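Visitor: I am attaching a structure below and will ask some questions about it afterwards.
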């Protein structure tokens, strides 16, 4: 599926990734974030294989569907604490109300959950952030707020960003470089 | 009048049903003397005010016998359901976490589920020497596979859930993963499974006692009462079978209701009900 794909993201760089549905964008993200292991080839960070990093992974992925990415049975405060951010500044910048943290995921909307997922992924160890269609199901205002925050935050911390989206205008607005996933050669 | 929402109604039903079941379980030992008391001056009485469930051919009070039998059933059900559920938890967890254990446990589950249920209970009870120990062993050793499968499946599914994978990638320790994600998902399944094992255990105990492979005749078990009353049904003594049988069905329904309400109460999505 992803044979011959070669992708490099430098710190501070914002790379857009576009491809038709079913081409393997999400699979590539899962490989890059270490959720899956490639059959052949390597995923490396600073020359070291990603799997060699112990503890919190420096490459964090934000999922397309936040409803699935938070545990439905525990309050969101505990979910958020897993990423050890809890920086007041981060919560304020993402407009996360303190009251949300006592609630369960079923009591918040998709956009509110996605903000919490983003805050969770921005722990102190994070160097690269993979955004897999993270705003596809949000309203335009929330989309704009989230992307403005991400641009500021990546600039401040010199994070590398990989943005997966079907929306060409979004990629052109947000990214410094746009890559297209090639069709499988077979 | 105050209107309860569904969650409060479930809570009230849960509390009342649990209290009734506990009371029945506790009154058994207190009524043991009365249940065994024979008095030929009052034999074969149909239901009346003094003896609401009637009396049998030895003049024994059927209400006391029924309660004592139910109490025995509930205590035996508790013991067997507890043993079964613990076995299911251990084996199900082991199967979900180690591939080698999975082969062995899955094979064992298929083996136990492949044999007709009632036959297996009878065989184990016979091999164990009948009586209380035999019935306990028979029911306990044959009821764990269903729950073990549920637990295994639940853990396997949980380990693939995005929030579980995300927590792993955030470097959360194993102990915390257990506490934050595994236990909150497993415990409700486990407790509901445990409570729902009760009615099965009670019915199977009664069945094999009825068939003569279970508890000895001197025990006032429901299965024994029903099996003895068969001979008197043709003589028109309907109360000997109707009331104990009905009471058994009622206890089973109460347990099933308790399990169902427990499931509803433990599920946070039901907060909105």
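Visitor: Would you check which residues across the stretch A:141-172 are in a helix (DSSP H, G or I) and touching a strand residue (DSSP E or B) at 6+ places or on another chain (Cβ under 6 Å) and list them?
Guide: Taking the stretch A:141-172 as the starting set, the residues that turn out to be in a helix (DSSP H, G or I) are A:141-157, A:168-172.
Answer for the stretch A:141-172, where residues must be in a helix (DSSP H, G or I) and touching a strand residue (DSSP E or B) at 6+ places or on another chain (Cβ under 6 Å): A:154, A:171.
Visitor: Among (1) touching a helix residue (DSSP H, G or I) at 6+ places or on another chain (Cβ under 6 Å); (2) under 30 Å from residue B:235 (Cα atoms); (3) surrounded by fewer than 16 Cβ atoms within 10 Å (Cβ to Cβ), which single condition is residue B:43 missing?
Guide: (1)
Visitor: Only one of these is out of contact with any strand residue (DSSP E or B) (no Cβ under 8 Å at 6 or more places or on another chain), more than 14 Å from chain A (Cβ to nearest Cβ) and touching a residue at least 60 places away in the same chain (Cβ under 8 Å): B:214, B:153. Name it. Walk me through how you get there before you give the answer.
Guide: Working: B:153 fails: touching a residue at least 60 places away in the same chain (Cβ under 8 Å).
One residue alone meets the criteria, B:214.
Visitor: Assess whether residue B:177 counts as being within 14 Å of chain A (Cβ to nearest Cβ) and either over 23 Å from residue B:32 (Cβ atoms) or part of a helix (DSSP H, G or I) (or both).
Guide: Working: within 14 Å of chain A (Cβ to nearest Cβ): yes; either over 23 Å from residue B:32 (Cβ atoms) or part of a helix (DSSP H, G or I) (or both): yes.
Taking the combined requirement at face value, the residue satisfies it.
Visitor: Condition (residue is buried (at least 19 other Cβ atoms within 10 Å of the Cβ), at pLDDT 85 or above, farther than 19 Å from residue A:112 by Cβ and within 10 Å of another protein chain (Cβ to nearest Cβ)) applied to the stretch A:39-57: is it met by at least one residue?
Guide: Yes - at least one qualifying residue is present in the stretch A:39-57.
Visitor: Still on this structure, please answer the following. Six or more apart or on different chains, Cβ under 9 Å: which pairs go from a residue in the stretch B:234-249 that's part of a helix (DSSP H, G or I) to one that's at pLDDT 85 or above and exposed (fewer than 12 other Cβ atoms within 10 Å of the Cβ)? Could you list them?
Guide: Here the result reads none, with nothing in the stretch B:234-249 linked to a residue that is at pLDDT 85 or above and exposed (fewer than 12 other Cβ atoms within 10 Å of the Cβ).
A quick yes/no check of all residues on (1) within 14 Å of chain B (Cβ to nearest Cβ); (2) surrounded by fewer than 15 Cβ atoms within 10 Å (Cβ to Cβ); (3) in contact with a strand residue (DSSP E or B) (Cβ under 8 Å, 6 or more places away or on another chain):
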position	(1), (2), (3)
A:1	no, yes, no
A:5	no, no, no
A:26	yes, no, yes
A:76	yes, no, no
A:84	yes, no, no
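Visitor: Identify, by number, the condition in (1) within 14 Å of chain A (Cβ to nearest Cβ); (2) in contact with a helix residue (DSSP H, G or I) (Cβ under 6 Å, 6 or more places away or on another chain); (3) surrounded by fewer than 21 Cβ atoms within 10 Å (Cβ to Cβ) that residue B:187 doesn't meet.
Guide: (2)
Visitor: Something else: In the stretch B:55-66, what residues are buried (at least 21 other Cβ atoms within 10 Å of the Cβ) and under 18 Å from residue B:236 (Cβ atoms)?
Guide: Result: B:55, B:56, B:62.
Visitor: I'm checking my understanding of the structure. Among residues of the stretch A:87-106 that are surrounded by fewer than 19 Cβ atoms within 10 Å (Cβ to Cβ) and closer than 21 Å to residue B:164 by Cβ, which one is farthest from the other protein chains (Cβ to nearest Cβ)?
Guide: Out of the qualifying residues, it is A:101.
Visitor: Looking at the structure I just gave you, is residue B:12 closer than 26 Å to residue B:73 by Cα and either in a loop (DSSP other than H, G, I, E, B) or out of contact with any helix residue (DSSP H, G or I) (no Cβ under 7 Å at 6 or more places or on another chain) (or both)? Break it down into steps so the answer makes sense when it comes.
Guide: Values: closer than 26 Å to residue B:73 by Cα: yes; either in a loop (DSSP other than H, G, I, E, B) or out of contact with any helix residue (DSSP H, G or I) (no Cβ under 7 Å at 6 or more places or on another chain) (or both): yes.
Yes: the conditions hold for residue B:12.
Visitor: Mind listing just one residue for me: the one in the stretch A:58-74 that is under 14 Å from residue A:116 (Cα atoms) and more than 8 Å from every other protein chain (Cβ to nearest Cβ) and, of those, surrounded by the fewest Cβ atoms within 10 Å (Cβ to Cβ)?
Guide: Only one residue fits best here, namely A:67.
Visitor: Can you tell which of B:248, B:242, B:183, B:262 is more than 15 Å from the chain's Cα centre (by Cα) and under 23 Å from residue B:83 (Cα atoms)? Spell out how you get there, then give the answer.
Guide: Working: B:248 fails: more than 15 Å from the chain's Cα centre (by Cα); B:242 fails: under 23 Å from residue B:83 (Cα atoms); B:262 fails: more than 15 Å from the chain's Cα centre (by Cα).
Selected residue: B:183, the only one of B:248, B:242, B:183, B:262 that is more than 15 Å from the chain's Cα centre (by Cα) and under 23 Å from residue B:83 (Cα atoms).
The values are calculated or read from the model by the stated rules, or taken from the named source; none is laboratory data. None of the values given here were measured: they were computed from a predicted structure. Note: ideal-geometry Cβ built from the backbone for every residue, glycine included; neighbour counts use all protein chains shown.
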